[in-house]
Every structure is written in C-alpha cells, then in structure tokens.
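The next block holds one structure in the form of structure tokens; read it before the comments.
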Amino acid sequence: MGRASPGAGGLERPDNVIYPAAQRGNSTSRMEGKAGYLQKPKVELHVHLDGSFKPETILHFARKRQIEIPADSVDELLKIISYDEPLSLTEFLAKFAHYMPAIAGDREAIKRVAYEFVEMKAKEGVIYVEVRYSPHFLANSKVDPIPWGQKEGDITPDIVVDLVNQGLREGEKAFNIKARSILCCMRHMPNWSLEVVELCKKYQNDTVVAIDLAGDESLNLEAAPGHRLAYEEAVRCGVHRTVHAGEVGPPSVVKEAVEVLKAERIGHGYHTVEDPHLYRELLNKEMHFETCPWSSYLTGACDPDFTKHPVKQ
C-alpha cells in the first residue's frame, strides 16, 4: 500500500528480502503460499507479543501458578483462542482475556515468552523483527487499573520491559536474528502513555525502537491529552513513532495520527483509501503502512475478498 520508508530505528532494507504480511500473532505459516517460503529471509514490522504466546507455555504457567483458564489441553485452548473465520475486532481482542492472566505478572513467564517469540520468528525465516506490546498489560504493580483481574504484585511496567529485553537479547544470541521492540500506549488508558514514552527513552538503546498507540480508534484523541503529550515528548527526544490507525476507523484517524501525533509509520491504515486526497498525500510522503492482510481478514477490518483488499492499491 504505497511506498515504504525504512523501519523505526533507521533499519536499512536488506537486498533479496521478502517483506511479509505482518500479523498480530504467529500466523505466518497460515499464509504460506509456496514451498520454501519459511526459509526465505523476511523482515516483520507489525506483530504483537501478546498474540504470539505458545499454547504450551500458557498452559505451563497456568498450572504452575494455579491460575484458572478455560482449557486443560493445547487442543482445548486452541479451540477457544484461535479461529479461521472473521470476527469483529472486539470479539478478536476478547480472546486475550482467556490466557493473559497465565503470563502477566510473572518474571519467568514474561522473559520466556519473549525468548520463545524470537525462536518462533527464526523458524519462520525472519531475520529482523519489531515486536510490540503494552508493558502495563503484563504488569501487576504500579499500574492502574491492574489488568486481567490480577492481585497486586511486584512486577511494574519498567520491570516488564527489562524482562522482555532480556528474553529478546538471549533469543537473538541463540537464534542469530535481530529482534527489537515497540512499546504500546492504549487508547482507553491515556494515563499510561507518559510512562510509556519514558520507558521508550530509558530503553531506547536496549531493544526498544519506537512508541505505538493501539486500541479503540473511536475514542477521541483530544479528550485524552495523555497520548498527545506522550507523542510530543517522543518527537522531542527522537523516539520513533507508529500508530494503529485506519484499521477499522475512518481516514480521519489516520490524518490525526500523522498531523497530531507525527506518526512515521501507520499500523494497518486500510481505510485511508476512502479519502483519495489523504491517500495521495501520504503516498507522496512515502508513508510506511504496516499492512497485515491475514489479520485484516480475521478481524473483519476489510472485505474478505482479497482481490478488493486496499493493499492491492
């Protein structure tokens, strides 16, 4: 969808590399179209850590921590959290509540899922990946409200970032790929955003390459000044910026991301094409759209007929 600029962190695009449809979770294998695809070197710039946990790991920590989840086996868990037909974005996101309590708030679990993520990407032929997540969604201390019905513990958002960084670095050494991270603000939690940008600044030279804004695009940005202030600080300090916009929301959300939040990349952005003037403007600016065709199908963000997908434009 349009031309693309280098990734956050000044990534130079290697020669002879396939840039695949990025996914929220581990779904590259579902998109495999021909033999040898997984062996081809790839760069993945839009993938969510909390959509990439191994079901075996979820079950392991649920049992170890004695946390109830609605499944006792991998098959049962996959029936609940995976699917192949479109759901609404809200229904899609509701699945996270089934398994996040097993991982959030546990040092060993957080580090392990980051390490296993790198292992997973290496097996998919990915040589450079930027994985995004909300530090607050994995914390159980100094976060208001505490997510996923957890009791208060001692894992702060800062500790979460450090643990993920440890897992990513160890994974890089073990599997010989490059892994970087993007920290997410959440649209419905503007009170978290200033801390997110501070964490981006603190860990800017330790895997973290950018800040992101994710969540319900219908929420008014002006009514939540925390996001704008965080992005202003990101601009001031040289923190790279991407924003989920135009996935299910209108072109105006994309325009706001670019003009108000000074986004350098747009996550999804499909509905930009509904405003031809905006689309041409961003095309001329070589705005990078992080398009995710399989995700857009599963969340109902686009027409299920891929011949009509905005990425073809």
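At a glance:
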{"read-out": "For q = 0.12 Å⁻¹, Debye-computed log10 I/I(0) when each Cα of the chain counts as one equal scatterer", "value": "-0.78"}
{"read-out": "Greater than 30 Å apart at Cα, pairs in 173/201; 54/173; 202/312; 173/202", "value": "202/312"}
{"read-out": "Loop-located GluC sites (Glu not before Pro) in segment 204-277, at most 15 other Cβ atoms within 10 Å (DSSP)", "value": "222"}
{"read-out": "Residues of type aspartates and glutamates that residue 255 reaches as a straight line, Cα spacing below 17 Å, ignoring anything fewer than 8 places off in the same chain", "value": "212, 216, 217, 222, 232, 247, 264, 274, 275, 281, 286, 290"}
{"read-out": "Reach of residue 262 by Cα under 16 Å, taken over lysines that are not fewer than 8 positions away in the same chain", "value": "285"}
{"read-out": "Chain lengthening between residue 127 and residue 75 when straightened (0.36 nm per residue, less Cα-Cα)", "value": "15.7 nm"}
{"read-out": "Contour excess over end-to-end distance, with Cα ends at residue 305 and residue 68 and 0.36 nm allotted per residue", "value": "81.5 nm"}
{"read-out": "Relative exposure of 83, 279, 270, judged by other C-beta atoms within 10 Å (fewest first)", "value": "83, 279, 270"}
{"read-out": "Karplus 3J(HN,Hα) series, Hz, for segment 288-300 with 6.51 cos²θ - 1.76 cosθ + 1.60 (x for Gly, Pro)", "value": "8, 9, 7, 7, 9, x, 5, 4, 5, 6, 5, 8, x"}
{"read-out": "For segment 28-312, size of Cβ-based charge dipole, Lys and Arg +1, Asp and Glu -1, in debye", "value": "780 debye"}
{"read-out": "R0 of 30 Å, Cβ-Cβ distance residue 90-residue 154: FRET efficiency to nearest 0.05", "value": "0.40"}
{"read-out": "Cα-based reach from residue 151 at 19 Å (exclusive), listing aspartates and glutamates while leaving out same-chain residues under 8 positions away", "value": "68, 106, 108"}
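No value in this document is a laboratory result; all are computed from the given coordinates. Please read these numbers as outputs of a predicted model, since none were measured by experiment. Note that we place each Cβ from the backbone using ideal geometry, even for glycine, and neighbour counts take in every protein chain shown.
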